[in-house]
Amino acid sequence: MFSRLFAPKVTVSAHCDLPCGVYDPAQARIEADSVKAIQEKMQGNDDPHFQARATTIKEQRAELAKHHVSVLWSDYFKPPHFEKYPELHQLVNDTLKALSAAKGSTDPATGQKALDYIAQVDKIFWETKKG
């Protein structure tokens, strides 16, 4: 009797953990844009206090970008996506590694490399939203 009383009345399924529309690679791109912009500003400012503050913010933004990419990988992308895009696992790994490199660097080229990878993730993401 208790099992029937507490059994779900309606069974639902969804493609992702929450209704679609809550995931977007733009969040990672915005943070990575900040990383690159900070790296560029660091190139033109030798003040040690500025450098210390910029380093802290850059590292925080890189971690946030990594978080957003990781959430896409673990929560949004599902087996059918990995089947259709077999390069997706490696792409996400490369993106996370590029963000780690940008986190530890003042060279804007590392920030740009991370942005380039995020653009590839973004392209696949939006292709999955079509079908």
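The values are calculated or read from the model by the stated rules, or taken from the named source; none is laboratory data. What you are looking at is a predicted structure, and each value in this text was computed from that prediction instead of being measured. Cβ atoms come from the backbone with ideal geometry, glycine included; neighbour counts cover every protein chain shown. Just the protein is used for accessible areas: all its heavy atoms, side chains included, with ligands, DNA and RNA removed. Shrake-Rupley method; radii C 1.70, N 1.55, O 1.52, S 1.80 Å.
Here are some notes:
- Checked against (1) farther than 15 Å from residue 124 by Cβ; (2) touching a residue at least 24 places away in the same chain (Cβ under 8 Å); (3) surrounded by fewer than 18 Cβ atoms within 10 Å (Cβ to Cβ); (4) under 15 Å from the mean Cα position of the chain (by Cα), residue 62 passes all but condition (3).
- Those residues of segment 65-81 which are open to solvent by 10 Å² or more (accessible area, probe 1.4 Å) and more than 11 Å from residue 96 (Cα to Cα), in sequence order: 71, 74, 75, 78, 79, 80, 81
- Only residues that are of a type outside the set (S, T, N, Q), open to solvent by 60 Å² or more (accessible area, probe 1.4 Å) and in a helix (DSSP H, G or I) were counted across segment 19-51, and they come to 8.
- Residue tally, condition hydrophobic (A, V, I, L, M, F, W, C) and open to solvent by 50 Å² or more (accessible area, probe 1.4 Å), over segment 102-131: 3
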